[in-house]
Each structure stands twice: as C-alpha cells, then as structure tokens.
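Below is one structure, written out as structure tokens; comments come after it.
The values are calculated or read from the model by the stated rules, or taken from the named source; none is laboratory data. All figures in this text were calculated on a predicted structure; none of them were measured in a lab. Glycine also receives a Cβ, built like all others from the backbone with ideal geometry; neighbour counts cover every protein chain displayed.
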C-alpha cells in the first residue's frame, strides 16, 4: 500500500512533470506561432504600406501627367492664337509700306531716275514677299486645325487636287500628262489629303524639265499596315544631299527669280502626313526626275479595304 | 430716297490714318459724288450714327465702311449694334478688313446690306475695290435697303 502510495505519488509527480512539459511545449509552440503570425502580420502591413506608397506614387504621376497634358493643350492653344494674331497684325504695316511706296512712285513718276525706280521696286518686292511669307506661315500653322478624320476616297481627293491645278497643268504645256493608278479608301481628313496631292503635283509641274513634256504619275500600293503613295515626275530632280532640308519651312534650293514661291509646300505636306501617322520622303536623281513617297496608316483594314478603281 | 444732287455721305470707321488716306485718295474718283466722315474707333462710330455729343447735327450716312480691328469697341461689336438698331440696319455696310472672313462675319454677310471686302495689298487693287463698293452700293439702292 505504502509502496503503492509512494508509487502513485511518484507517478503523480511524473505526470505533473510531463503535463508541465507538454504545457510548456504547447506554450512554446503558441509563442512561436504567435511570433510567426506577428511577423506575417507585419509583413502584410509592410506590403500594404508599400502598396499604399506605390498607389500614391501612381496617383501623383497621373496627376502630374494630367497637369502636363492640360499645360500642353493650353500652350498649344495660346501658341495658335499668338500665331494668328501676330500673322494678321504683321500684315498691316506691310500693306502700308507697299501701298505708300507705290503711291509715292505714282505721284513722282516723272521725277524718278531709273535707279530710284529700281529701289522702289525692291521696297515693294520686299514688302510683298514678306506678306507671302506671313500668309504661308499662317497656312502652315493652321494645318490640323478643325480636322475631321473619316472614311475618305483618295481618288476623289486626287481628282479635287487636279481640278485645282487645271490651269497650272494647262500652262505647263500641252503635252504635260498627269496619270494615276487605283486609289484606296482610307481614314483621313479629306481637305488635308487634297492639299497634300495638290502640293506634290504642283511641285512636279513647277520643277519640270523644259526639254521634255512633263509626265507625272500618282500611285498607291498596299503595304502590311499602311498604304504607300508616290508622286513621280520626270523633272529636274534634286541633289539628294538637300532632300531632308526641303521638308523644313521656307527651305529652298532655288532663288525666287528662278522659281517663285516661299518654300512652305513640302513642310505643309510633312505636317499633313504626320497628322495621319505617316512618313514622307523623296527619292531623286538630278536631271532624271523625283519621286515623293508618303505613307498613311490603313486603319480601315479589310472593312472597306482593297483598291478601288 | 437719295437726293441726286447732294453728295452721298460715307462713314469710314478706321483707326489707321494710312488706310483713311488711301481711301480718301481713291474715293476722289468714286462715281457718286461723296463726302467722307471718319470715325477712328467703334465708340466714336456709334456716337456718330446715334448723333450723340458733338455729332448731334450729323446726317445718317448712305454707306458705312467698317474696319474690324478697332480700338475700344471693335468692328464686330459695332456691326452687331448697327444690325440691332432699326434705323441703322438698312444702311449699306462694307466690312473692310485685312483678314479672311470668319464664321462670326459670314452670318452678317448673308444680309444684302452687308458685304465683305479685303483691304488691297497693292495700290492697283484699289480700283477694283472701288468698283466693288460702287456695284454693292448701287445694288443696295435698287433693293431699297
């Protein structure tokens, strides 16, 4: 019995110890688990913090971008208005210079020696040239204003351009020929397309070789995602080292006496093509002819696709 | 309507003395004998037309030539006020400007009593301008505006 008591007391002590150990183990597990959960929580909080920082960064970037876009639009509008007002107001003094020089010359017609008459001609020529420059600058600045993109029949645009050039073509000589291949339908601004064809064909007529009848050919070919147009002539050609410069406003290869004009045409063409997401370039050989090529994205795809005769 | 013996009265609303003198120079040859009055801004033009202040004795003009770019009240405002006044709206009016006609102006040009002419860039073009004004004026008289 004693032994039994002793034994059971020992057993009880053993039991308590193992209980305590188990409890301690559980407690240790619990502490570990708590620590794990805490670190997980901290990690989650960190991620949330990071996320919040990232979100705020994105928001800030978005606001900055929005402000920049608004600023750009505002400065564009301001620039356009400035351009218009400046061009318009700059015409006035020039009109005065030209008109009063002429009036002075008219009043003193008999008293002017030949040299003075030449000076008068220079003043008038200077003033009228400046007027042309301002007008062309205004024309250039206006490209893209009020544009309407829609399904456009390129052959109608070309027809309209050629109709506008009827007199120029006629005056270039009876044997001049302007022909064209099939033209596509695509998304474009009709009046810009007319102006583009008109400028290019008008250049081809203007820079013709006097020794041969002008032959001008307009073609369009379908590439993978765009249409490539070409206006080819058999004219005087261009030294290719100057080819890129010609697309800048008022850059010319000839004097105004040789070929009149301000040199805005190809700059306008480049701006029009850029509005249509395309490229424009020149291929030429002096004395043989020039081909001007430009591309326009084919955003109508297969919906209307295909060349229409 | 118009007494054939008296010269027609023309009100020129123009701030640029250079333009006024060019008009004077060229109106010497204008067919109906004429007398020019000049208002140098929009406010003065409307005072003249309403015979206010120093213009109390002024006769209504038979023709108005209106520049658009004017100090104080500009040409657009003057045009709008003229067209809203029953006694003034029938006076033939030439808009005389160096810029292209815009939409604001085009709606007025639909009226037979209004025409739009560009300021000549060259002296020789004044003859054509005067012809156009003469034709416009005679036409307005026929229409009884």
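Some points to look at:
- For segment A:170-191, the count of residues that are assigned to a helix (DSSP H, G or I) and farther than 23 Å from residue A:263 by Cβ is nonzero.
- Residue match in segment A:116-130 (condition: at the interface with chain B (Cβ under 10 Å from one of its Cβ atoms) and within 30 Å of residue A:269 (Cβ to Cβ)): yes
- Tally of residues being surrounded by fewer than 16 Cβ atoms within 10 Å (Cβ to Cβ), at pLDDT below 85 and within 25 Å of the chain's Cα centre (by Cα) across segment A:254-301: 2
- Qualifying residue in segment A:224-246 (condition: in a helix (DSSP H, G or I), buried (at least 19 other Cβ atoms within 10 Å of the Cβ) and either in contact with a strand residue (DSSP E or B) (Cβ under 9 Å, 6 or more places away or on another chain) or touching a residue at least 24 places away in the same chain (Cβ under 8 Å) (or both)): yes
- Sole exception among (1) modelled with pLDDT of 85 or more; (2) away from chain A (no Cβ under 14 Å); (3) under 14 Å from the mean Cα position of the chain (by Cα) for residue B:77, by number: (3)
- Residue A:201 passes every criterion in (1) over 30 Å from residue A:223 (Cβ atoms); (2) away from every other protein chain (no Cβ under 14 Å); (3) surrounded by 18 or more Cβ atoms within 10 Å (Cβ to Cβ) apart from (1).
- Condition check for residue B:129: touching a strand residue (DSSP E or B) at 6+ places or on another chain (Cβ under 8 Å), surrounded by 16 or more Cβ atoms within 10 Å (Cβ to Cβ) and at pLDDT 85 or above: yes
- Subset tally (residues that are crowded, with 19+ Cβ neighbours inside 10 Å and at the interface with chain B (Cβ under 7 Å from one of its Cβ atoms)) for segment A:92-101: 3
- Selection over segment B:91-126 of residues that are under 15 Å from the mean Cα position of the chain (by Cα), modelled with pLDDT under 85 and more than 14 Å from chain A (Cβ to nearest Cβ) gives a count of 5.
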